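What follows is calculated from the coordinates using simple rules that are stated; it is not laboratory data. Here the structure is a predicted model, which is why all the values come from computation and not from measurement. Cβ coordinates were reconstructed from backbone atoms using ideal geometry, including for glycine residues, and neighbour counts include every protein chain displayed.
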Amino acid sequence: MPNLLNRIGSMFGYDALEPNGRRKKTSRHVYREDFHTRGNKHRGLQENAADLVRNLSLAGWMVRRHLDYVAQFEFHGRNDNDELN
């Protein structure tokens, strides 16, 4: 019976509070992200991020142009005042 109660308790509890060896231990050292990439690798990451931003703006422009040709944007106000409709 206690085993059944433990299973029910773990179903409704937060399992991360009880370490069971499946998670990686945290490091005592804290490093900046720049520590992992230096020199040419860091420059390459910066160039890649700039390309992504440029490509995203291009994709946004393409979606807007597509919507211009396939969708109608007409406002249809519906209220009690006929002058505002």
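Taking amide H as placed 1.01 Å from N in the peptide plane, residue 37 has no amide H partner under 5 Å among residues 5 or more places away or on another chain. Segment residue 33..residue 48, full-extension length gain: 3.8 nm, with 0.36 nm per residue of separation and the alpha-carbon distance subtracted.
DSSP loop trypsin sites (Lys or Arg not before Pro) in the range 29-85 with at most 13 other Cβ atoms within 10 Å of their Cβ, which ones?
32, 38, 78
Looking at the range 37-85, the chymotrypsin sites (Phe, Trp or Tyr not before Pro) that sit in a DSSP loop and have at most 13 other Cβ atoms within 10 Å of their own Cβ are 73, 75.
Here the simple spin-label model places points 7 Å from the Cα toward Cβ, and for residue 64 and residue 79 these points are separated by 2.9 nm.
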